[in-house]
Amino acid sequence: MTAPPTARGATSSSTVKARPPKAPDATPASKSVPPKAPAPASTSPATAPPVVPAPGATQAAALEQARLTLGKWIETQQIISRERNDWSQAKEILQGRVDLIGREVGVLTERIAQTQSAITESDQERATLTHRLDALKSTSGELDSAVAALEERIRTLLTKLPDPLAAKLLPLVERMPVGEAVSRISTAERFQNVLGILNELNRANSEITVSYEVRKLDDGS
């Protein structure tokens with residue numbers, strides 16, 4: 001639609017801006033707002049700004065730290081090497097002692113085996129000797145009985161011998177033990193004495209002996 005023509009001097013714009021209303025002369029009564037109190041000052045200490053070291057100082061500290069670390073590493077390696085050498089020497093010494101003790105144990109074991117074998121042989125020999133001793137004791141008892149019987153027969157025979165022969169055998173007869181003297185003379189000595197008497201009797205039986213003697217008659221002449 002075409003707008004109607006306007007009067008001269010009027011603006012061609014049909015839009016009219018509204019003016020804002022004027023503020024009233026007097027403001028209505030309102031509650032007074034107290035002014036805000038200023039914020040209290042902070043009591044915490046102020047943080048200092050970080051100090052950025054100079055590039056040269058950082059490199060020097062790093063080099064010093066590396067030097068210290070390298071020194072500690074070298075010292076540690078030296079200690080490890082020294083301990084390893086000490087352990088190697090101690091190991092050789094201990095191994096030598098172990099070998100020596102092992103050889104000594106072997107020698108002692110061999111000696112123990114030899115000693116046990118010798119003890120076994122000694123036990124066997126002792127058993128044999130004990131058996132023989134028992135047999136000899138039994139035989140000795142039988143010999144004691146035999147020589148005692150021979151001595152008794154010789155004493156009986158002496159009463160029937162001629163006086164010259166009895167006088168000749170008197171020293172041997174006196175050596176025959178009687179009573180407690182039997183235990184002080186060995187069986188061998190007793191047999192030797194009996195054999196001496198029997199030898200003299202056999203000799204007298206095989207010889208003719210002439211002896212002279214003077215005897216009184218019944219009438220005393």
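Results for (1) over 30 Å from Val210 (Cα atoms); (2) at pLDDT below 85, shown as yes or no for each residue.
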site: Ala90; (1), (2): yes, no
site: Ile101; (1), (2): yes, no
site: Val107; (1), (2): yes, no
site: Thr120; (1), (2): yes, no
site: Leu129; (1), (2): yes, no
site: Gly141; (1), (2): yes, yes
site: Pro164; (1), (2): no, yes
site: Ala167; (1), (2): no, yes
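Taking region 174-190 only, how many residues are exposed (fewer than 15 other Cβ atoms within 10 Å of the Cβ) and in a helix (DSSP H, G or I)? Summing the residues that are exposed (fewer than 15 other Cβ atoms within 10 Å of the Cβ) and in a helix (DSSP H, G or I) in region 174-190 gives 8.
The combined condition, being of a type in the set (A, V, I, L, M), surrounded by 11 or more Cβ atoms within 10 Å (Cβ to Cβ) and touching a Phe, Trp or Tyr at 6+ places or on another chain (Cβ under 7 Å), is fulfilled by Val147.
The values are calculated or read from the model by the stated rules, or taken from the named source; none is laboratory data. Since this is a predicted model, take the numbers as computed values, not measurements. When we count neighbours, we look across all protein chains shown, and the Cβ atoms used for this are built from the backbone with ideal geometry, even at glycine.
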